[in-house]
Every structure is written in structure tokens, then in C-alpha cells.
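Some notes on the structure that comes next.
What follows draws every value from the coordinates through simple rules; no lab data is involved. Computed from a prediction, not measured in an experiment: that's the story for all the values here.
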Amino acid sequence: MKRFEVYRNIRKRAMIFGLPIALFALMMVAVIGSLLIIIFSFSFGIIIGVLVFNLALYAGLLKFSRTPQLFQMSSPFPKSISNKNPTPLWYEQD
């Protein structure tokens, strides 16, 4: 009989519609805001614009969740590590 081990960290990699939990929450906030805009707008162009915006946001979040290195501006590690105080001020009393 096959034995399975318990995976306790399932929430760390949980996905909903292909998005991590935080990005899914961002998408739901955008959808609720869009629904409010649709309810209070009387223009067909605004409704189409909101739908296009939601589709573009979903596609962008999917791309970001698959390759997060696209938006990384700096290296994750410092160029040098030092024990030197970063400020010339002296906080200790003599």
C-alpha cells in the first residue's frame, strides 16, 4: 500500500485561479471596485473599459506570479557585508 507524508506548509503555495493568495486578493479588490463603477456608471464605454482593465490586470498578475524576476530592480544580496557602523553618530555613553 502506498504511503503519503503529511504536507503541513500547503498554505505557503496555495493558488486560486493560478494566482497566489495575496495577488488573488488584489484581483478581488479590483473586481469589487469595478462592480461599483459599473453599477454607478451609465456609459457603455466605461463598462467595456472596466472589463478590459480587469482582463489586463489578471493577465499581468498571472505573468508576474510565473516570473517574479521581471520586476526586481536590485540584486537580492548586498555587494559587501561589513560590521562598520553605518552612521558616524555615537549612541553609547562613556
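Return the sequence-ordered ³J(HN,Hα) values of the stretch 59-65 in whole Hz as given by the Karplus equation 6.51 cos²θ - 1.76 cosθ + 1.60 applied to θ = phi - 60°, using x for Gly and Pro.
Residue by residue, the stretch 59-65 yields 5, x, 5, 4, 5, 5, 6 Hz.
Between M28 and L55, 0.36 nm times their residue separation minus their Cα-Cα distance comes to what? Walk me through the numbers on the way to the answer.
Numbers: separation 27, 0.36 × 27 = 9.72 nm, distance 1.22 nm.
Separation in residues times 0.36 nm, less the Cα-Cα distance, equals 8.5 nm.
Could you give the spread of the C-alpha atoms of the stretch 10-65 along their three principal axes, from largest to smallest, in whole angstroms?
Over the stretch 10-65, Cα extents along the principal axes are 44, 18, 12 Å.
Calculate, in nm to one decimal, what F40 and F17 gain on full extension: separation in residues at 0.36 nm each, minus their alpha carbon distance. Show your work: numbers first, answer last.
On the way: separation 23, 0.36 × 23 = 8.28 nm, distance 2.79 nm.
The span from F40 to F17 would gain 5.5 nm if fully extended.
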